[in-house]
Amino acid sequence: MNWHSRTTDEISVVLNTDLRNGLTEEKAEMIKAECGKNIIETEVNKKSILRRFFEQLNDVMIIILLASAAASFVVSFINGENDFADSLLIIMIVILNAVLGVIQENKAEKAIDELKRLSVPHARVLRNGHIKLIDSEDVVPGDLLVLEAGDRVAADARLISSANLKADESALTGESVPVEKETVLRLPENAQTADRRNMVFASAYITNGKGTAVVVETGKNTEVGKIARLISNKETEETPLQKRLDSTGKILGLSALAICAVIFVIGILRRYSVFDMFMTSVSLAVAAIPEGLPAIVTIVLAIGMQKMSQQNMIVRTLPSVETLGCAQVICTDKTGTLTKNKMTVVRIEDGNEKTTINSKRFILRLAVLCTDCFYEDRHYIGDPTETAIAEAAERMGEHKIRLDEIMPRVDEIPFSSETKFMITVHKFENGKKICIIKGAPERVLSKCGKIYDNVSIDMNITERIYKINADMTNKALRVIAVAYKEIPNNSREYDRDFIFAGFIGMADPPREEARQAVSECRRAGIKVVMVTGDHMLTAKSVAEKTEIYSDGDIIVEGNMLDNMSSTELNEKLDKISVFARVSPEHKLKIVEAYKRKGMIAAMTGDGVNDAPALRAADIGCAMGKTGTDTAKAAADMIIADDNFSTIVCAVREGRIIYKNIKKAVHFLLSSNVGEILTVFTAMVFGWSTPLLPIHLLWINFITDSLPAIALGLDVPEEDVMTEKPVAPDKSLFAGGMGSRIIYEGVMIAALALTAFGIGHKYYDGNEMHRVSRTMAFAVLSIAQLIHAFNMRTNKSLFKIHILRNKWLCMAFVIGIILQASVIMLPPLAEIFTVVPLNVKQWLIVMGLSFVPVVFSEIEKAVFRK
């Protein structure tokens, strides 16, 4: 309902409320029972622990692994065997992966809860003719809110009375300056939220003045509530990494099943035991599918999440860590994100060509006397414009408390939206009085007859003064004019003959680190776009200072966006660097436009108005200190220190994690391809089986766990922030990785089969098959452990610090010890059906195992220059 276009009397009739005495307690309880509590559910699609656990299992590779484990268990049971170790090992890995994922998500949720306020907000209402303090959640439509400076508005309300009332609506509309409120009879029905001067809105703060207002909407029906509905209606999409791993899992799963089926059929045709072939096929399926990959990805992301939390980044879901590293565009709010969300005096002019320090001090001395802000708890409280003046004056030695004592205020005319100025009268110790006026330049200048030094204002001076004012305005400064005059003790002539003192220009300045952060993003190939509810000139000024906007870029306002078709917006999107005067619906439209172009879109913000876009973006980053609960609940990541530059660290960490996961995938798949080809080739050529099922499972155990995790924790040798973002449609195997996996797998298989052949050729007798299998078994495992070092970099291993990754070195040593123990210790050798090797055999094994390093060095030198 368009409450802003109705009179208060009409609203009183509709809500059946008394605008003098408010509701009765009985009636308020009846309305609350009908309308519900004044709360907004900010937890977006909150999931139970059980649901989160089962979502961790919703993966093609996991399903195939569980099916293989079940089949192995059933066959072992039918054959009367009690060896269920293989099945139990697979199930344990799967459950561990799921539990880790759930634990990390719950940790993130708890971190968010700690950021929420501990106290319940309250509201002053008029009931039964008496002012009463109640919990905000008990406010109902028809209640009369009693508003004062410092209050948080509990619900959307229509003003009944106001005196110099101003409200900070930056969290809702993006306006960095408090909005002047007034009791206007009616406003046009199509007035935007930011232009509804006769309304106050839930989540806004009263910065100045007093007023009363009748509550018209509560809870989910407020403007904030409507935004919350936009969030809850938005489905969560898969991250780029999830999409790539899902696609990889399906390909690997189907390929593994097909190959295993072929091997099973070939074995049956060659009259091998059905049970042995089934177990070999199942073991090969386990070898083909990197069952450790989901757990490895979870561990790497979890460790990345913990590292980021130490750098003031709280990540709500594990995949979000990686997604930010793939971001191609960051849509960032202005107020509080790029800027300090604090008005600051940046320029003072007295109308002369050069303004002296003494002149600036004099202007600030006058201006600070003409303010209503007050000093408490080591900072000024009041209207942001006035606190900025007081702070600037203090920096120049003009303290408001001392000035108020020396020149006490004896009369005043308060600021109003009609006059657009404020006048105060002060008395000196000698009995003289000074009258000071502060306000809009055009109103103050119209009352001035002279300029500083008591010089009469002529046409030249007028032109110079207005030129200075225009220059300051064009630079998006909020300009305040200050003038004064001495008056007789008995005079109340405050309307003319003022002496112009000067202009004070204020702005919400950019954060010092914002420009560097934007530059870093550009160097990394990431486009930064400002999306704000503020005016175009203000937005452009901040965008220029932070180097988001440059010559030739386009600035689009909300009303222009309304008239743009999707096609037109898509065509201009690459040249647009600033969206100004936008609504929450506009922000949603902007993010979705980037996503339609196939770009990974990130969004940073802190206000309620940012929440829908935070939810819609591939990765939403909310501010932890100034961010609203709604924004935090909608975001994927929370920047705890509200520092925009922290996002650069998040991007870097995300890119490192993505590259490391890619290294782990490369290593696992090339190794697994080698295992498959070893068995498949032997089957096709009718050779004896080079590897038994237990060998395949053991190799997977020592190579698919610690070395792969170590690669996931690798320290990059290259600067990841000089590379372009990974395109969302780019395959995990792009850039030659797919072909490298194949020929590296062929190489590993060839080495294992060579060892198997050498064992056949040189070692006769009853132990021939065992020696051959032992050598193939040893080469296949050790070669993979050594091959892990090749994954660390595209450069030569001899050009990097090979021991820098201590985890990989430890994994290699542990793997060698375990593999040697299985072969050389008689009890273990008997279990694994292998025999101890002599020195000559070990030398052959080690020689073949180091071939991957030589092969990789040649390949890097020739193909990866």
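Taking loop as defined by DSSP and a crowding limit of 16 other beta carbons within 10 Å, which GluC sites (Glu not before Pro) in the stretch 365-446 fit? Write out the running numbers ahead of the final one.
Details: sites: E376, E386, E391, E394, E398, E405, E412, E418, E429, E442; in loops: E398, E418, E429.
Those satisfying the criteria are E418, E429.
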Counting only residues 5 or more apart in sequence or on a different chain, those whose built amide H sits under 5 Å from that of I413 are I423, T424
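Largest first and in whole Å, give the semi-axes of the stretch 389-505's equivalent ellipsoid, each being the square root of 5 times a Cα gyration tensor eigenvalue.
Details: eigenvalues 113, 65, 38 Å².
The three semi-axes for the stretch 389-505 are 24, 18, 14 Å.
Counting only protein heavy atoms and a 1.4 Å probe, tell me what percentage of the stretch 786-865's accessible area is made up of carbon and sulfur.
Details: 3400 of 4490 Å².
Of all accessible area on the stretch 786-865, carbon and sulfur atoms account for 76 percent.
Which links in K132/K433; K250/K724; K166/K475 stretch past 32 Å when you go from one Cα to the other? Write out the running numbers ahead of the final one.
Numbers: K132/K433 42 Å; K250/K724 28 Å; K166/K475 24 Å.
Violating the 32 Å limit, Cα to Cα: K132/K433.
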Which trypsin sites (Lys or Arg not before Pro) from the stretch 319-399 combine a DSSP loop assignment with at most 15 other Cβ atoms within 10 Å?
K342, K354, R378
Cα atoms only: what Rg and Dmax, in Å, come out for the stretch 468-614?
20.7, 73
DSSP-defined antiparallel bridges as percent of all bridges, the chain, nearest 5:
75 percent
Dipole check, the chain, charges on Cβ (K,R +1; D,E -1), about Cα centroid: among I39, S136, A829 the Cα furthest to the positive pole belongs to A829
Skipping prolines and chain starts, which residues have an amide H placed within reach, meaning under 5 Å, of the one on N208, given they are 5 or more residues away or on another chain?
G150, K166
Write down the accessible area per residue of the stretch 681-727 in Å², having rolled a 1.4 Å probe over the full set of protein chains.
35 Å²
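So if I average 1/r over every pair of distinct C-alpha atoms in the stretch 601-742 and take the inverse, what Kirkwood radius in Å does that give?
On the way: mean 1/r = 0.0540 Å⁻¹.
This gives a value of 18.5 Å.
Relative to the compact globular guide of 2.2 N^0.38 Å, what is the alpha carbon radius of gyration of the stretch 533-685, as a ratio? Walk me through the numbers on the way to the answer.
On the way: Rg = 21.5 Å, N = 153, 2.2 N^0.38 = 14.9 Å.
Ratio of Rg to 2.2 N^0.38 Å for the stretch 533-685: 1.45.
Computed from the mean reciprocal separation of all distinct C-alpha pairs, what Kirkwood hydrodynamic radius does the stretch 707-748 have, in Å? Present the calculation step by step, with values, prior to reporting the outcome.
Numbers: mean 1/r = 0.0782 Å⁻¹.
The answer is 12.8 Å.
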Given charges at Cβ of Lys, Arg, Asp, Glu: the chain dipole, positive-most of T183, I694, I314:
I694
From the coordinates shown, Kirkwood radius over Cα pairs in Å corresponds to which of (1) 31.8; (2) 33.6; (3) 27.8
(1)
List the lysines whose Cα sits under 30 Å from the Cα of K761, skipping any in the same chain fewer than 8 residues away.
K840
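For the stretch 489-572, which whole-number percentage of the solvent-accessible area (1.4 Å probe, protein heavy atoms only) is attributable to carbon and sulfur atoms? Before the final figure, lay out the partial values.
On the way: 1640 of 3900 Å².
Of the solvent-accessible surface of the stretch 489-572, carbon and sulfur hold 42 percent.
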Can you compute the radius of gyration and Dmax for the stretch 402-456, using only the Cα atoms, both in Å?
12.8, 35
Given the stretch 534-600, what whole percent of its Cα pairs are spread farther than 17 Å?
40 percent
Quick one: with all protein chains in place, what share of the accessible area of the stretch 394-462 is carbon or sulfur, to the nearest percent (1.4 Å probe)?
53 percent
At 1.4 Å probe size, with every protein chain present, just tell me what the per residue accessible area of the stretch 735-847 comes to in Å².
46 Å²
What number, rounded to the nearest 500 deg cm²/dmol, is the helix-based mean residue ellipticity at 222 nm of the chain, given -39500 (n - 2.57) per DSSP H run of at least four residues and division by all its residues?
-15500 deg cm²/dmol
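Output the Kirkwood hydrodynamic radius of the stretch 775-852, Cα pairs only, in Å rounded to one decimal. Show your work: numbers first, answer last.
Details: mean 1/r = 0.0737 Å⁻¹.
After inverting the pairwise mean of 1/r, the radius is 13.6 Å.
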Charge dipole magnitude, Cβ of K and R +1, D and E -1 - the chain, Cα centre, debye nearest 20
1680 debye
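Under a Cβ-only charge scheme (Lys and Arg +1, Asp and Glu -1), can you give me the dipole magnitude of the stretch 676-738 about the Cα centre, in debye to the nearest 20?
Working: 2 positive and 7 negative charges, 75 e Å.
I would put it at about 360 debye.
Can you work out D for the stretch 316-418 in µm² s⁻¹ from Stokes-Einstein, where Rh is the Kirkwood radius over C-alpha pairs, the temperature is 25 °C and the viscosity is 0.890 mPa s? Display every interim value, and only then the final one.
Details: Rh = 17.0 Å.
Estimated diffusion coefficient is 145 µm²/s.
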Any idea of the accessible area per residue across the stretch 373-445, 1.4 Å probe, to the nearest Å²?
48 Å²
Run the dipole for the stretch 445-578 about the Cα centre, Lys and Arg Cβ at +1, Asp and Glu Cβ at -1, nothing else charged, and hand back the magnitude in debye, nearest 20.
240 debye
Let me check I've understood the local charge: for M472, count other residues with C-beta under 11 angstrom from its C-beta, Lys and Arg +1, Asp and Glu -1. What total comes out?
+2
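The values are calculated or read from the model by the stated rules, or taken from the named source; none is laboratory data. Note that this is a predicted model, so its numbers are computed, not measured. For neighbour counting, all protein chains shown are included, and Cβ atoms are generated from backbone atoms with ideal geometry for every residue, glycine included. For the accessible areas, the whole protein counts, side chains as well, though only heavy atoms, and no ligand, DNA or RNA atoms are used. Shrake-Rupley method; radii C 1.70, N 1.55, O 1.52, S 1.80 Å.
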